[in-house]
1. Given the conditions (1) in contact with a helix residue (DSSP H, G or I) (Cβ under 6 Å, 6 or more places away or on another chain); (2) of a type in the set (Ser, Thr, Tyr); (3) at pLDDT below 95, which single one is not true for Tyr302?
2. Please go through the stretch 32-57 and give me each residue that is in contact with a Ser or Thr (Cβ under 6 Å, 6 or more places away or on another chain) and either assigned to a loop (DSSP other than H, G, I, E, B) or under 23 Å from Gln320 (Cβ atoms) (or both), ordered by number.
3. Can you pull out the residues in the stretch 322-339 that are buried (at least 20 other Cβ atoms within 10 Å of the Cβ) and either out of contact with any helix residue (DSSP H, G or I) (no Cβ under 8 Å at 6 or more places or on another chain) or in the same structural domain as Ala96 (by TED's automatic domain parsing) (or both)?
4. Tell me which residues, restricted to the stretch 224-267, are of a type in the set (Lys, Arg), within 19 Å of the chain's Cα centre (by Cα) and assigned to a strand (DSSP E or B).
5. Of the residues Asp143, Asp158, which is under 30 Å from Arg97 (Cα atoms) and among the acidic types (Asp, Glu)?
6. Report yes if Ala463 is at pLDDT below 90 and not in a strand (DSSP E or B), otherwise no.
7. For the stretch 32-44, check the following and say yes or no: at least one residue is of a type in the set (Ser, Thr, Tyr), closer than 30 Å to Met319 by Cβ, crowded, with 22+ Cβ neighbours inside 10 Å and in contact with a Phe, Trp or Tyr (Cβ under 9 Å, 6 or more places away or on another chain).
8. Could you pull out the residue among Ala405, Ala459, Ala400, Ala445 that is farther than 23 Å from Glu167 by Cα and surrounded by 24 or more Cβ atoms within 10 Å (Cβ to Cβ)?
Amino acid sequence: MAQKYCYLFTEGDATMRELLGGKGANLAEMTKIGLPVPQGFTISTEACTQYYEDGRKINADIQKEIMEYIEKMEEVCGKKFGDKENPLLVSVRSGARASMPGMMDTILNLGLNEDVVNTIAEKSNNPRWAWDCYRRFIQMFSDVVMEVGKKYFEKLIDKMKEEKGVEYDVDLTADDLKNLAYQFKAEYKAQLGKDFPDDPKEQLFEAIKAVFRSWDNPRANVYRMDHDIPYSWGTAVNVQMMAFGNMGDDCGTGVAFTRNPATGEKGLMGEFLMNAQGEDVVAGVRTPMPIAKMAKVLPDVYKQFLEVCDTLEKHYRDMQDMEFTIEKGKLYMLQTRNGKRTAAAAIKIACDLIDEKMITEKEALMQIDAKSLDMLLHPQFDTKALKEANKTNVVGKGIAASPGAAAGSIVFTAEDAVTEGKKGKKVVLVRLETSPEDIEGMKFAQGILTVRGGQTSHAAVVARGMGTCCVSGCGDIKMEEEKKRFTLAGKVFKEGDEISLDGSTGKIYDCLIPTVPADPNSGYFGRIMALADKYKKLGVRTNADTPKDAKQAAAFGAQGIGLCRTEHMFFDPARIGAFREMICSDTVEEREAALAKIEPMQQADFEGLMEALEGQPVTIRFLDPPLHEFVPTEEADIEALAKAQGKTVAQIKQIISDLHEFNP
């Protein structure tokens with residue numbers, strides 16, 4: 001039997017993650033438990049591997065199987081792909097085994113051409129919706145599949161809105177959107193020298209290839225390396241019937257979490273936009289409404305959505321991150337996954353799920369990414385300094401999207417954040433809205449501030465995953481990106497100016513606020529560490545060379561010192577002089593005199609180490625200094641040492657030269 005590469009959502013389940021990717025497996029699982037999911041099929045990760053093995057081509061067998069599954073999908077949906085009278089329109093989305101939010105690509109409204117647009121405009125009696133779908137499809141296909149940058153189309157949209165005197169895309173009429181579609185097609189031809197494709201089959205295969213290619217794009221590669229996701233896994237592709245959130249005022253789209261991903265608080269948290277498609281929410285093009293407002297706008301849908309959220313969290317026994325669309329008052333679930341969360345939220349959620357009898361203590365420990373716990377040990381703003389800054393330095397407030405404290409100089413591009421960050425400078429990245437291309441800059445920034453977008457925007461989701469402070473959706477900012485400046489509270493901020501962000505409150509300050517270390521043994525962190533001690537198989541000792549380090553290690557729960565490198569006790573500026581005297585001694589008497597200065601320092605340190613560890617084992621390595629590391633390199637320091645030793649500068653330089661080591 002030939003290898004199978006495609007699976008209907010009804011053929012899979014959550015256990016098939018390796019084959020169907022996270023999104024495909026969860027769509028199949030939601031279908032299996034009876035939730036409202038637009039039907040479709042998944043092209044497996046093995047097809048992606050085959051695509052790369054075949055020299056980045058989809059071979060004839062896989063193409064044939066995909067078309068067979070399009071026919072099966074037509075039977076399920078009661079529509080025909082490429083048909084003018086009853087067209088099946090689809091979305092094409094990536095879905096790797098591991099969640100990689102915003103890193104790979106999505107194309108919506110695939111299957112449209114002018115004939116189909118005219119038909120659906122007439123049949124739905126809603127030409128505005130039809131042309132809105134088409135202009136979105138042209139823009140997405142051009143950007144994602146043909147790599148014609150979004151900016152060309154965004155300029156045309158902004159120009160149209162300016163001409164019509166409107167602020168938002170939703171205020172454009174059917175004729176405006178029809179006009180835009182023609183302008184987009186002209187731009188496509190100008191950029192690529194060929195017409196926009198009308199054949200739905202050609203559109204489909206180009207889109208599938210683009211998703212496979214996106215597994216190897218720069219931002220996905222950066223994300224994979226940061227999160228230890230193997231290159232060999234590949235991505236699956238989900239082809240799914242479109243659910244339209246942009247058909248009018250009884251339609252919408254949103255993203256929600258069953259618990260707060262920043263704090264871990266129990267309770268639905270999310271955002272939605274009326275008369276919009278999914279990309280609008282995460283891209284932050286319009287600042288969305290909080291999910292609680294849906295109770296007023298669409299009460300029946302909200303009630304059903306709460307039930308779905310409860311079902312999903314109980315089913316997966318973890319906090320869920322969900323995407324949904326409402327088409328003419330009907331709810332459709334487009335995705336669920338275990339939600340990305342901050343380290344603080346992760347430990348609270350784990351403890352709460354134990355208390356709610358949903359998971360065991362061992363399962364709670366396995367739910368927490370050990371690397372992320374490091375984020376809880378990051379500094380917070382000094383309370384006293386923050387109190388003072390709150391009196392006079394608050395210049396604005398956005399959405400508290402990812403907690404933490406950030407202070408640094410303003411940069412306006414991801415590239416500048418990388419450049420300055422590599423120099424060791426602390427920077428805050430300020431953007432209209434972030435996009436996946438900004439990921440490397442976001443890594444180097446202390447914090448991120450955006451003008452648009454909410455708690456589920458790209459900036460917020462990625463920042464939380466990185467443990468980086470983020471304040472989003474500060475609409476009071478008047479941004480001038482080209483001039484690298486913005487205005488807030490009547491004050492102009494330029495590149496290099498210093499600001500601070502509080503990711504827990506959303507406040508923006510026009511000064512640098514000092515930070516203080518975090519307390520590692522407080523609250524949920526202490527509880528999780530106690531559980532780790534309860535079930536662990538290995539003991540942990542630390543490397544510590546000074547009493548200060550030993551105290552910190554003991555506070556973090558170390559069960560002794562595995563290695564104390566005694567030479568490291570003498571790098572302190574107050575001690576290194578005596579150590580250099582010992583190195584540069586010519587006689588036994590000189591050396592003994594220098595050692596007499598060193599001995600009480602070392603004895604006091606050893607006593608401090610033992611006291612800090614309170615009877616736990618301490619392993620001390622005898623003095624084994626790489627002597628060349630202790631001798632001075634600066635001219636002024638060499639002169640000072642010569643004077644102290646009663647030697648000439650030339651003699652000291654000779655000693656330094658004799659001690660030099662080369663390590664190949």
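The values are calculated or read from the model by the stated rules, or taken from the named source; none is laboratory data. Since the structure is predicted, the reported quantities are computational estimates derived from the model, not experimental observations. No Cβ is skipped: glycine too gets one built from the backbone with ideal geometry, and neighbour counts run over all protein chains shown.
1. Here Tyr302 meets the rest and fails (3).
2. Taking the stretch 32-57 and keeping what is in contact with a Ser or Thr (Cβ under 6 Å, 6 or more places away or on another chain), we get 37, 48.
Val37 - this is the single residue of the stretch 32-57 that is in contact with a Ser or Thr (Cβ under 6 Å, 6 or more places away or on another chain) and either assigned to a loop (DSSP other than H, G, I, E, B) or under 23 Å from Gln320 (Cβ atoms) (or both).
3. Tyr332, Gly339
4. Kept after step one, since they are of a type in the set (Lys, Arg), are these residues of the stretch 224-267: 224, 259, 266.
Cutting the leftovers down to within 19 Å of the chain's Cα centre (by Cα) gives us 224, 259.
Passing the criteria: only Arg259.
5. Working: Asp158 fails: under 30 Å from Arg97 (Cα atoms).
Checking each option against the conditions leaves just Asp143.
6. On the way: at pLDDT below 90: yes; not in a strand (DSSP E or B): yes.
Against the criterion (at pLDDT below 90 and not in a strand (DSSP E or B)), Ala463 qualifies.
7. We begin by selecting, within the stretch 32-44, every residue of a type in the set (Ser, Thr, Tyr); these are 42, 44.
Next, from what is left, pick out any that are closer than 30 Å to Met319 by Cβ: 42, 44.
Pick out the ones that are also crowded, with 22+ Cβ neighbours inside 10 Å and you get 42, 44.
The next check asks that each one be in contact with a Phe, Trp or Tyr (Cβ under 9 Å, 6 or more places away or on another chain); those that pass are 42, 44.
Checked against the condition, which is being of a type in the set (Ser, Thr, Tyr), closer than 30 Å to Met319 by Cβ, crowded, with 22+ Cβ neighbours inside 10 Å and in contact with a Phe, Trp or Tyr (Cβ under 9 Å, 6 or more places away or on another chain), the stretch 32-44 yields at least one hit.
8. On the way: Ala405 fails: surrounded by 24 or more Cβ atoms within 10 Å (Cβ to Cβ); Ala459 fails: farther than 23 Å from Glu167 by Cα; Ala400 fails: surrounded by 24 or more Cβ atoms within 10 Å (Cβ to Cβ).
Only one candidate qualifies: Ala445.
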